[in-house]
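None of the figures in this text is laboratory data; all of them are computed from the coordinates on show. Computed from a predicted structure; not experimentally measured. Backbone-built Cβ (ideal geometry, glycine too); neighbour counts: all protein chains shown.
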Amino acid sequence: MNSKMKIIIIDDEQLARQRLENLVNEVSQFELIAQCTNGDDAIEKINALKPDLIYLDIKMKDMTGFNVLDKIKEDINPIVVFVTAYDNFAIRAFDNFAFDYLLKPFKDNRFFESANNAINQFSLKKTISEDKLIRLLNYINIKN
């Protein structure tokens, strides 16, 4: 896989965004394409930029991370890693198809473990999509 994963960080706390930005920038397979400080901005940027992975805070001033996910276009399906100080949202996060859940304050190695898992998931998703496309093209060629 030679394409980088497009990343958006969504958190209303500046220090939390800065820490995530620093960690994201250490992962060579990641490309940070946007940061958002609130839910409305997050919805707009996710719909416009179609990220592969989002780091999403659950409790923001204007809405929750769950509200953000409810309002993005259905055809946009980023890998979602919730980043929050509240452990009581974990079950709901996984019910909303979270890929991972980083509980603040998390250690750097926990972030990199999650990042590696996301890279593997992204690679698998791309491989499956490419395989489906190849099978479709072969099917079309057989029929013609």
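For the range 1-80, a simple Cβ point-charge model (Lys and Arg +1, Asp and Glu -1, everything else neutral) yields a dipole of about 140 debye relative to the Cα centre.
Seen through its C-alpha gyration tensor, with square-root eigenvalues sorted a ≥ b ≥ c, the range 50-130 comes out oblate because a/c lies at 1.5 or above while a/b is not bigger than b/c.
For every other residue with a beta carbon closer than 15 angstrom to the beta carbon of residue 38, add +1 if it is Lys or Arg and -1 if Asp or Glu, then tell me the sum. Spell out each step's value before the answer.
Working: positive: 17, 45, 59, 61, 71; negative: 11, 12, 13, 40, 41, 44, 57, 62.
So the surrounding residues net to -3.
So for the range 9-87, what percent of the C-alpha to C-alpha distances run longer than 21 Å? Don't jump to the answer; show the numbers that get you there.
Values: 605 of 3081 pairs.
Every Cα pair in the range 9-87 considered, those over 21 Å come to 20 percent.
Compute the relative contact order of the range 1-113 as a whole-number percentage, counting only Cα pairs closer than 8 Å that sit 6 or more residues apart in sequence. Dividing the mean separation by the residue count of the range 1-113 yields 23 percent.
Work from the charge dipole of the range 1-105 (Cβ charges, +1 for Lys and Arg, -1 for Asp and Glu, about the Cα centre) and give the residue of 23, 46, 84 farthest towards its positive end. Looking along the dipole axis, the top candidate is 23. Taking 8 Å as the Cα distance limit and 6 or more residues as the minimum spacing, I'd like the relative contact order of the range 1-64 as a percentage. 44 percent.
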